[in-house]
Each structure stands twice: as C-alpha cells, then as structure tokens.
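J.: Just dropping this structure here.
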Amino acid sequence: MNYLALALLLGGLSTYQATAQQITPPVASPGGRLWANENLGALLDGKMAYAYQAPQRQAQGQAFFQRTWQPGEIILVNTKQRIGNIQLQYDAYGYQLLAVPQRNRADTLLLNKNEIQGFVVQDELFADRVHTFRRFDNAPRPEQQQEYVEVLHEGKYTLLKRHARQLQRSDKDKVFNSGRHYDQLVEYNSYFLSRPDGTVVPVKLNAKAISAAAPDLAAAIKAELARQQVLAKSELDIVTLLASVDKAP
C-alpha cells in the first residue's frame, strides 16, 4: 500500500509547511545501508507520519543535525518498540524528526513527536558511531519538552546535548551592518546535566561546571584530572571524564 495513502486512511494527511524554517531538506542519500523487506506500515500506525514539504528559502547554513540522511530507528513512547528500516534526519531549527521510507524514498515523512520517545541514527562520517536521542521531557523550560536531545553520557547522571540553530537575518538594510547580505543559520548548541533526582541544569563544558552541578562527583573529578593531567574542556574530554567517574547504578 502506498505510504501516503495509508497515512490518509489512518486519520488525515497533513502536509507540513515549514513556514518558520523555510529550509529545503537535503536529498535522501543513496549511500544509506539499512535495507529490509519489512513493511513500514507499523511506522505509520497511530497517525505517526505526515508528509513533509519545506519551501526553499535563501539562507546559508545547515538546518539539520547531519547533512545527509542516515540509517536509524525510532523508539515508541507507549510500547518501547524499536522500529528500523528507515532513514532519519533531525531538523535542529524546527525541532522536527523526519523519516524516509526505504520502499518509497520519494516521500519525506514528518513524524509525530507525541508517539516517539527517542531515536538512534548512524553518524554520517564514522560507520561505527551512532547518535542516541531522547525526548527532552524534563527540560527546565516547558517549550523545550517536545524537543529531542542527544545523550552523550549515561550513568547516575546524564549529559545531554541540545542541538539547535538560530536564524540570523541579513543586516544589509541597517545603517551599521556587517556586510552580510543574506540570512544565515548558525549552530547554537547547549549542554545539560540530568541528575538522579530528575532535575536538569544547564552546564558548560568544563570540569568546574560539571563538579558544581554534580557535587558528589567533585572529588572523583578532581582526582581523575590530576591523574590524567588534562584540563577537560572539549566535549570528548568531558564525556571521557564522566565515563571514568560516573558509572551506571
């Protein structure tokens, strides 16, 4: 059955107009390698998928988490069922999750975030690396609770990365301008630490900030830094540090 027809039968086909974003999604990459013969009807069960259409906007920059579609799987909210055999993109500007069915790659589907707890997607550069995302249910700001954040570390504490993009408008008509005559999407990523009591706090990527947000780890962090003789200021440094001092319960 045609996937768009199936979506229509399940409760009405809705075309997604990215009026705020206005960015054309990248072309589906033929290099993806998650082929299967299973029908994606399960993906659309419960009105989960809608057609996605984004009119083009003249803006420089990348709206999406990765530049190419990559194999992945989604995790449903209620059943925790994992559904694969799809290619995924995360729109870090409009905070939408998009999928391309393997059998009908002409259709780009906008997935219903209310039905999806998280997703896993392969890295576009390294075949042995995947990115794990979960819904930001405990975000400190209510408007962020329908977004997805990447899980960088998970132990007693969880280090989360919020991928975001900001649209900087052209300032060509301003008296004092930078000479930039085009709109531009720029990365605006931020980090959060989810604590054992369920609270989430924003953190900077340095050992001092992590120690302040997780005081019971402060002594272990100090000792590990002394042992390694590093400053731990990059994302990889902090993830490696937490893996050493914060084990899963």
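Throughout, read-outs are computed from the coordinates displayed, never taken from laboratory work. Bear in mind the structure is a predicted one, so any value in this text is a computation, not a measurement. In this analysis, Cβ positions are derived from the backbone assuming ideal geometry, glycine residues included, and neighbour counts consider all displayed protein chains.
J.: Could you give the length gained by full extension between L125 and A248, i.e. 0.36 nm per residue of separation minus their alpha carbon distance, to one decimal place?
T.: 41.4 nm
J.: What ranking do 207-219, 73-85 get when scored by the average of other Cβ atoms within 10 Å per residue, highest first?
T.: 207-219, 73-85
J.: Taking just the alpha-carbon atoms of the range 57-146, what radius of gyration and Dmax come out, in angstrom?
T.: 13.5, 41
J.: Can you tell me the FRET efficiency between S170 and V239 if r is taken as the Cβ-Cβ distance and R0 is 45 Å, rounded to the nearest 0.05? Provide the component values of the computation, followed by the final result.
T.: Numbers: r = 37 Å, r/R0 = 0.82.
It comes out at approximately 0.75.
J.: What length, rounded to one decimal in nm, is gained on full extension from K156 through to V77, with 0.36 nm per residue of separation minus their alpha-carbon distance?
T.: Using 0.36 nm per residue and subtracting the Cα-Cα distance, I get 26.2 nm.
J.: Packing-wise, with mean Cβ within 10 Å as the measure, how do 225-238, 110-123 rank, highest first?
T.: Going from most to least packed, we get 110-123, 225-238.
J.: Quick one: what do you get for the range 106-249 if you divide its Cα Rg by 2.2 N^0.38 Å? Show your work: numbers first, answer last.
T.: Details: Rg = 18.6 Å, N = 144, 2.2 N^0.38 = 14.5 Å.
Normalised by 2.2 N^0.38 Å, the Cα Rg of the range 106-249 equals 1.28.
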